[in-house]
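Participant: I'd like to ask some things about the structure below.
The values are calculated or read from the model by the stated rules, or taken from the named source; none is laboratory data. From a predicted model like this one, the values you see are computed outputs, not experimental measurements. Don't worry about glycine lacking a Cβ; one is built from the backbone with ideal geometry, like all the others, and counts go over all protein chains shown.
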Amino acid sequence: MDFENGAHVRRAQARVGTVLSGAWRLDALVGLGGMAAVYAATHRSGARAAIKLLHPERAADKIDRARFLREKAIANAVNHPGVAAVLADGVAEDGSPFLVMELLEGETVLQRWKAQKGALAPDEVLFLSEQILDVLAAAHEKGIVHRDLKPDNIFLTRDGGVKILDFGIARLRVPSSQTSLAGLRAMGTPAYMPPEQARARWDLVDARTDIWALGATMFALLTNRYVQEAPTVNELFFLRMTCPIPSLAKVAPSMHPAVVRLVDRALEFAQEDRWPDARSMLAAVREARIAVAGAPPPRRSSVPPPPRRSSVPPPLRPSVPPPLSVRADAALDARAPSARSGTRPSRTPAPLSTVPRSLSTIPRAP
């Protein structure tokens, strides 16, 4: 949730204390995004809820307005405790529509990540991913693809539960050839956007699109950096459309192989190479949690102990080259790490040599 745009914050804060439709008093601003502001609110009956209010300039746009109101139907259609329920809708005095939602207590994964000031522990990321995938499986079985899964759309409740927020740009899986510029407004968030969505190929968007976004979220939380970085958003889109994601093992060499295999497959460039559905990835997450829990503690030092001293000199050995079989084994050991680690090889082309490799300032990891 973005609180960095000063003008948006001041305008949203100015609504605190006002009453919507003569019924809902806005008590505090608790969230702010590009489409809407979210407030903790109290009904005249004393009931507490969250009010999601569409920005006035967005309310004037028929497409944005319809998409915003559609969130109620889509979120409730999932019918899963891991989705924030939308209780009602209404229209404010200035014509801006609003949704009445359950009021959640806790923090978003983005807030948790920022507070950590670094990567999250693998067992924590796997625990979160297990709950997220259970929600995604329920949504996908109803034909609903979220299309904007990211840390600030994942909420951690105080009782340890996980809620997926913002089904505003979710869609029912209906074949379409839409590639118009109008469709680009609903693309999602570049840092967590899979290749087919970056290309605006809505006919290809399916459950594996959300799986890629979850893989990108896991990668970011585990490494404290995004899957790809570039100086500008346009260059980031180009990278996403054309270049595979490097293995998690290259960024985090000490990561458990089970976690590497899990994330790498979720981030495959080609959709058919990813986990086929949320249930399959959920099973793999559970296996990875068991593997990580049973992993031995890391060694304190990689420096071998000094040799024992002896008063007897070792016997001289003739300098004889190793046999061919030994040399062949050494050649095998000299292969790239991906050939020895047992991770799933990518069936995608290597990155273009002309693609810039510089670290990004847009967007920044927290």
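Participant: Just to confirm my filter: which helices (runs of 4 or more DSSP H) fall fully inside region 228-300 and include at least 1 residues that are under 19 Å from LEU128 (Cα atoms) and of a type outside the set (Phe, Trp, Tyr)? Don't jump to the end; show me each part of the working.
Facilitator: Numbers: elements: 233-242, 248-251, 257-266, 278-293.
It comes to 248-251, 257-266, 278-293.
Participant: Has region 239-248 got at least one residue that is in contact (Cβ under 8 Å) with a residue 60 or more places away in the chain and among the charged types (D, E, K, R)? Show your work before the answer.
Facilitator: Within region 239-248, the first condition is being in contact (Cβ under 8 Å) with a residue 60 or more places away in the chain, and the residues that meet it are 239, 242-244, 247.
Filter once more, keeping what is among the charged types (D, E, K, R): none.
No; the residues of region 239-248 include none that is in contact (Cβ under 8 Å) with a residue 60 or more places away in the chain and among the charged types (D, E, K, R).
Participant: Still on this structure, please answer the following. Quick check: anything in region 18-40 at pLDDT 95 or above, among the small types (Gly, Ala, Ser), touching an Asp or Glu at 6+ places or on another chain (Cβ under 7 Å) and more than 25 Å from LYS114 (Cα to Cα)?
Facilitator: Scanning region 18-40 turns up no residue that is at pLDDT 95 or above, among the small types (Gly, Ala, Ser), touching an Asp or Glu at 6+ places or on another chain (Cβ under 7 Å) and more than 25 Å from LYS114 (Cα to Cα).
Participant: Among the candidates GLY90, GLY82, single out the residue that is in contact (Cβ under 8 Å) with a residue 12 or more places away in the chain, touching a Ser or Thr at 6+ places or on another chain (Cβ under 8 Å) and either within 30 Å of ASP159 (Cβ to Cβ) or charged (D, E, K, R) (or both).
Facilitator: On the way: GLY82 fails: touching a Ser or Thr at 6+ places or on another chain (Cβ under 8 Å).
Matching residue, one of GLY90, GLY82: GLY90.
Participant: If you don't mind, there's one more thing I want to ask. Kindly indicate the residue of region 169-184 that is in contact with a strand residue (DSSP E or B) (Cβ under 8 Å, 6 or more places away or on another chain) and part of a loop (DSSP other than H, G, I, E, B) and also modelled with the highest pLDDT among those meeting that condition.
Facilitator: Taking region 169-184 and keeping what is in contact with a strand residue (DSSP E or B) (Cβ under 8 Å, 6 or more places away or on another chain), we get 170-173.
Next, only the ones that are part of a loop (DSSP other than H, G, I, E, B) stay: 170, 173.
Numbers: ALA170: 61, ARG173: 47.
Looking at residues that are in contact with a strand residue (DSSP E or B) (Cβ under 8 Å, 6 or more places away or on another chain) and part of a loop (DSSP other than H, G, I, E, B), I get ALA170.
Participant: If you don't mind, another one. Can you tell me which residue within region 39-83, out of those that are touching a helix residue (DSSP H, G or I) at 6+ places or on another chain (Cβ under 7 Å) and small (Gly, Ala, Ser), is nearest to LEU20 (Cα to Cα)?
Facilitator: Ranking the candidates gives ALA59 first.
Participant: So which of THR232, THR223 ends up being β-branched (Val, Ile, Thr), in the same structural domain as PRO122 (by TED's automatic domain parsing) and surrounded by fewer than 17 Cβ atoms within 10 Å (Cβ to Cβ)? Steps first, please.
Facilitator: Working: THR223 fails: surrounded by fewer than 17 Cβ atoms within 10 Å (Cβ to Cβ).
Criteria check complete, one pass: THR232.
Participant: Here's another thing I want to ask about it. Can you report the number of residues in region 100-117 which are within 16 Å of the chain's Cα centre (by Cα) and farther than 30 Å from GLY90 by Cβ?
Facilitator: Residues flagged as within 16 Å of the chain's Cα centre (by Cα) and farther than 30 Å from GLY90 by Cβ within region 100-117 amount to 3.
Participant: Next question, about the same structure. Report every pair of residues separated by at least 6 positions or lying on different chains whose Cβ atoms are under 7 Å apart, first residue within region 114-137 and under 19 Å from ALA278 (Cα atoms) and without any contact (Cβ under 8 Å) to a residue 40 or more places away in the chain, second among the aliphatic types (A, V, I, L, M) and surrounded by fewer than 19 Cβ atoms within 10 Å (Cβ to Cβ).
Facilitator: Correct list of pairs: empty, since none qualify.
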